[in-house]
Amino acid sequence: MDYRLSMESSETLRNKCGGCYRQFNKKEHLVEHMRISYHSVHEPTCGICNKHCRSFDSLREHLIGPLPKQECKNIFSSRGCRFCLIILESPNARRIHQERCQLSNVTLGLTTRMAALGLRDNPTIDYTSSRSPRVVALSCKMVGGGSDGSLDICARVCITDESDNVVFHTYVKPTMPVTSYRYEMTGIRPENLRDAMPLKHAQRKIQEFLCNGEPMWKIRPRNGKARILVGHGLDNYLDSLQLEYSSSMIRDTAEYPPLMKSSKLSNSLKYLTQAYLGYDIHVGIQDPYEDCVAAMRLYTRMRYQKHRIDAYPIASDPQNRNNYGAWRQNELERMSPQELLDLSRSDYYCWCLDSVA
């Protein structure tokens, strides 16, 4: 009886996923799990037990959630950074690292700074600034239209570069009557929009700046002139600007799998900024510059993660088509969990790949 239990335990252990550590009764079930799990080196991973998690929220729950893995929780509580969730060599190293990891809100005194730059009076794009930035962040603020003020209308737009410099900022003249200025949130008054830039004018300036001389059909994610566009909820902003842009060049913090909830829903920019950057935004009137800076900092933090470099890192790459091909079933069932994990690739574009583009 004991021998049979021991054999069953050994078989279950052999069928344990090398990524998420889920256990299966049969090897064929583990193989099927690996076909659809897309575990990879680009997933957030526990620095203690090496468990792969689908998002940083899932990793946070694993480390400090209501039901964490106790051993990981104990080590993380003394040596883990609560912002980037890595493990340091000692409590003192953690303290020094976390002081650098926690960023500050750069928007304090923003009104004075922007007024001094004359940005509201001279809404132009300087194509030579910041050595023609490769990556820019965009954010808009909306006023309300329609009978109940629920229809979003773009009334203000801001673009920044990776160094938090303002590249472009303007108020935008609404294309329909405004029924709610949402002042408590936007800070926008009727006089701000009276002589504002027409939407078509702003749209053309932004489109030309993003494409940077490349036709839309020619834009590619690597080795091109077009700029990477960062933001939070960019679909809504682009729709309000009536602007189209290549999806391969968009980096949306609301739709990036590692930054989403465990339930695969989007987190708010306010939550992401507090949890991963360590400061608060949207305290009082919201400024699009503040959103641009927060989104760009989140992008930068995700971009500079250190992941193993693979020749073909995405599951959709043609070279990975047969990694889990049905014709290999017998071969796959003879592989160890680690060998199966080594075959697996990500089903999303990890932003760390931008740093090697």
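The values are calculated or read from the model by the stated rules, or taken from the named source; none is laboratory data. Nothing here was measured: the structure is a model prediction, and the numbers come from that model. Don't worry about glycine lacking a Cβ; one is built from the backbone with ideal geometry, like all the others, and counts go over all protein chains shown. For the accessible areas, the whole protein counts, side chains as well, though only heavy atoms, and no ligand, DNA or RNA atoms are used. Shrake-Rupley method; radii C 1.70, N 1.55, O 1.52, S 1.80 Å.
Each helix, a run of at least 4 DSSP H residues, gives -39500 (n - 2.57); summed and divided by the residues of the chain, these come to -10000 deg cm²/dmol at 222 nm. Evaluated over the Cα positions of region 105-304, the convex hull gives a direction-averaged projected area, one quarter of its surface, of 11.7 nm². The label point for Ile64 and the one for Glu214, both projected 7 Å from the Cα toward the Cβ, are 3.9 nm apart.
A Cβ-based charge dipole, computed about the Cα centre of the chain with Lys and Arg at +1 and Asp and Glu at -1, lands at about 500 debye. Pairs over the 31 Å Cα-Cα cut-off, from the set Lys73/Lys141; Lys200/Lys306; Lys205/Lys270: Lys73/Lys141; Lys200/Lys306. A simple spin-label model places pseudo-atoms 7 Å from Cα toward Cβ; at Asn25 and Asp195 they are separated by 7.7 nm.
Highest-first packing order for the peptide set 91-102, 40-51 is 40-51, 91-102, based on the mean count of other beta carbon atoms within 10 Å. Just to confirm the number: angle between the C-alpha axis of helix 2-14 and the first principal axis of the chain, 0 to 90 degrees, nearest 10? Between the helix axis and the principal axis of the chain, the angle is about 30 degrees. Of all the Cα-Cα pairs you can form in the chain, what percent are over 40 Å apart? Across the chain, Cα pairs with separations above 40 Å total 25 percent. Counting only aspartates and glutamates at least 8 places from Lys27 when in the same chain, those with an alpha carbon closer than 20 Å to its own are Glu8, Glu11, Glu331, Glu333, Glu339, Asp342. Put a dot 7 Å past each Cα toward the Cβ at Gln242 and Glu339; how far apart are the dots in nm? Going from the Glu339 label point to the Gln242 one covers 6.0 nm. Per residue, region 105-304 exposes an accessible area of 46 Å² to a 1.4 Å probe, with every protein chain left in place. In this Cβ point-charge picture (+1 for Lys and Arg, -1 for Asp and Glu), region 105-304 has a dipole of about 560 debye about its Cα centre. Hey, for a label at Ser355 modelled as a point 7 Å past Cα toward Cβ, could you say which residues of region 34-65 have their backbone N under 18 Å away? Only 40-47, 56 fall inside the zone, counting backbone N under 18 Å. For Lys69, a cut-off of 24 angstrom between C-alpha atoms picks up these lysines, skipping any fewer than 8 places away in its own chain: Lys16, Lys51, Lys261, Lys264. Nonpolar atom fraction for the chain, defined as the carbon and sulfur part of the 1.4 Å probe accessible area, stands at 51 percent. Based on the convex hull around the alpha carbon atoms, region 186-246 presents an average projected area of 5.1 nm². Relative to the longest principal axis of the Cα atoms of the chain, the long axis of helix 70-79 lies at roughly 50 degrees.
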